[in-house]
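Down below is the structure, laid out as structure tokens.
The values are calculated or read from the model by the stated rules, or taken from the named source; none is laboratory data. Because the structure is predicted, anything quoted here is derived from the model rather than measured. Because the Cβ atoms are built from the backbone with ideal geometry, glycine has one as well, and the counts that use them run over all protein chains shown.
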Amino acid sequence: MISQYRKKFNQEFSQEKYNQVKEYLKQKSGLDPVFRISESPLFLTKDFEAKLIDASNSIIDQIKALPPDLLQKAVPDNCRVPNDTEKPHFFTIDFGICKNENGEAEPQLIELQAFPSLYAFQRVFENAFCEIYPFLSELRHTISPEDFKNHLKDLIVGDENPQNVVLLEIYPEKQKTAIDFVLTEQLLGIKTVCLTKVKKNGRKLYYENNGGLTEIKRIYNRVIFDELDRIPDLKTEFDFREDIDVKWITHPNWFFKISKFLLPLLQHQFVPKSYFLHEFPETEDLKNFVLKPLFSFAGSGVNLNPTKEITDTIEDKQNYILQRKVEYAPIFEDINGDFSKAEIRLLYIWHENSDRPILMENLARMTKAAMVNVDFNKKDAIWIGSSNAFFAEE
């Protein structure tokens with residue numbers, strides 16, 4: 001999209017440099033990423049960045065204007081956690097990178113979440129690109145490393161001793177995002193704890209630490225609550241729905257409140273029209289829409305080509321949406337002259353005393369398949385997988 005940087009990167013690219021990027025990540029974390037790392041970043045214009053920010057600001061304004069009781073309706077009764085908060089601590093927005101009818105690049109909203117993403121990893125990933133390709137440093141994100149760390153520390157650790165703050169996940173060592181957990185530990189001085197290892201005494205939670213038990217006062221939550229029921233023979237000492245003496249960062253209810261549930265309620269030129277399945281009008285054509293379960297994660301359950309036969313068999317239609325299809329634009333040229341498509345996720349944090357969230361970093365995903373998910377890509381493809389976007393003047 002920015003020819004000078006794309007041309008320079010492609011000229012400088014080599015398999016050796018790609019390996020150096022991955023080795024940089026391994027040296028910083030001690031782990032090999034188990035998800036695919038793209039060979040290339042995205043190069044996007046400042047004009048495109050302005051469109052992203054305009055759409056995001058509009059979405060944030062619309063969400064802030066929604067009645068709290070409406071958002072509460074998104075939380076399933078069997079997943080409701082006590083001591084909810086007025087706002088989420090994390091806020092991420094995914095946009096597909098498309099072209100309009102005039103051939104101009106524009107974002108189209110795909111989904112949004114109030115759930116932590118790879119904040120620590122993406123900053124290190126950006127550093128890796130800049131280290132191996134020094135000319136990228138002039139495009140580096142404007143938040144300094146010190147401010148980046150301080151923002152996350154204020155949000156997640158707050159005034160507590162880091163040893164009383166844990167990153168909570170279920171079987172964290174088995175998660176694809178384990179590399180982010182390690183980098184978060186390094187950044188904030190907290191520990192990652194498996195949900196099955198948490199001890200409970202009355203209203204207080206503890207974890208084993210240096211041969212003893214340490215109280216947990218704040219939880220940086222990375223558990224997808226509604227997925228716990230799908231884990232066979234899961235044994236834990238506490239239930240999310242219990243009233244416990246802990247501060248959630250972010251509160252689990254927000255996973256449901258800021259979700260696909262909101263898509264039919266939002267309006268903007270970069271927000272594709274969406275309907276709840278049970279409210280889908282007969283005047284619309286199913287072939288123009290994608291079927292999505294409200295609370296699926298990482299693209300599970302998405303049907304790109306729904307039919308009436310499929311939708312008629314769904315009993316809980318209120319838990320599905322139909323979102324107008326958008327066509328990702330193949331505009332990111334690789335060294336062979338082939339083109340990848342991509343989507344970009346904006347990673348915000350939201351301090352409790354702030355009126356608006358702060359944009360911290362971005363995450364990009366590249367593909368040559370129908371869905372932006374590395375599992376759908378051919379094994380020998382390049383310019384696919386997890387990436388990072390840089391913005392510059394044309």
Restricting attention to strands (runs of 3 or more DSSP E) lying wholly within segment 184-251, give those where 2 or more residues are within 22 Å of the chain's Cα centre (by Cα) and among the β-branched types (Val, Ile, Thr). 191-194
Scanning segment 23-42 for residues that are touching a residue at least 40 places away in the same chain (Cβ under 8 Å) and in a helix (DSSP H, G or I) gives 24, 25, 28, 29
Could you please let me know if residue 110 is in contact with a strand residue (DSSP E or B) (Cβ under 7 Å, 6 or more places away or on another chain), more than 30 Å from residue 382 (Cα to Cα) and among the hydrophobic types (A, V, I, L, M, F, W, C)? no
If you take the residues in segment 35-81 that are among the small types (Gly, Ala, Ser) and modelled with pLDDT of 95 or more, which one is surrounded by the most Cβ atoms within 10 Å (Cβ to Cβ)? 40
Search segment 310-325 for residues that are touching a residue at least 12 places away in the same chain (Cβ under 8 Å) and surrounded by 14 or more Cβ atoms within 10 Å (Cβ to Cβ) and pair each with any residue that is β-branched (Val, Ile, Thr) and assigned to a loop (DSSP other than H, G, I, E, B) when their beta-carbon atoms are under 9 Å apart and the residues are at least 6 apart or on different chains. 320/314
Checked segment 43-57 for anything within 30 Å of residue 18 (Cα to Cα), touching a strand residue (DSSP E or B) at 6+ places or on another chain (Cβ under 7 Å) and part of a helix (DSSP H, G or I); matches are 46, 48, 49, 52
Just for segment 253-300: of the residues that are among the small types (Gly, Ala, Ser) and surrounded by 13 or more Cβ atoms within 10 Å (Cβ to Cβ), which one is modelled with the lowest pLDDT? 299
With 249, 219 as the choices, which residue is buried (at least 17 other Cβ atoms within 10 Å of the Cβ) and either among the aromatic types (Phe, Trp, Tyr) or closer than 26 Å to residue 319 by Cα (or both)? 249
Does segment 257-273 hold any residues that are closer than 27 Å to residue 241 by Cβ and touching a Pro at 6+ places or on another chain (Cβ under 7 Å), and which are they? 258
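Taking the residues in segment 106-146 that are among the small types (Gly, Ala, Ser) and touching a helix residue (DSSP H, G or I) at 6+ places or on another chain (Cβ under 8 Å) as candidates, determine which candidate is surrounded by the fewest Cβ atoms within 10 Å (Cβ to Cβ).
137
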Index of the failed condition, residue 176 passing every other in (1) surrounded by fewer than 16 Cβ atoms within 10 Å (Cβ to Cβ); (2) in contact with a helix residue (DSSP H, G or I) (Cβ under 9 Å, 6 or more places away or on another chain): (2)
Hey, can you tell me all the residues within segment 1-14 that are under 17 Å from residue 387 (Cβ atoms) and exposed (fewer than 14 other Cβ atoms within 10 Å of the Cβ)? 12
Looking at this structure, is residue 181 more than 18 Å from residue 366 (Cβ to Cβ), crowded, with 20+ Cβ neighbours inside 10 Å, in contact with a strand residue (DSSP E or B) (Cβ under 9 Å, 6 or more places away or on another chain) and not small (Gly, Ala, Ser)? yes
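With segment 58-176 as the region, which helices (runs of 4 or more DSSP H) entirely inside it contain at least 1 residues that are over 30 Å from residue 316 (Cβ atoms) and in contact with a Pro (Cβ under 7 Å, 6 or more places away or on another chain)?
Counting at least 1 such residues, we get 119-132.
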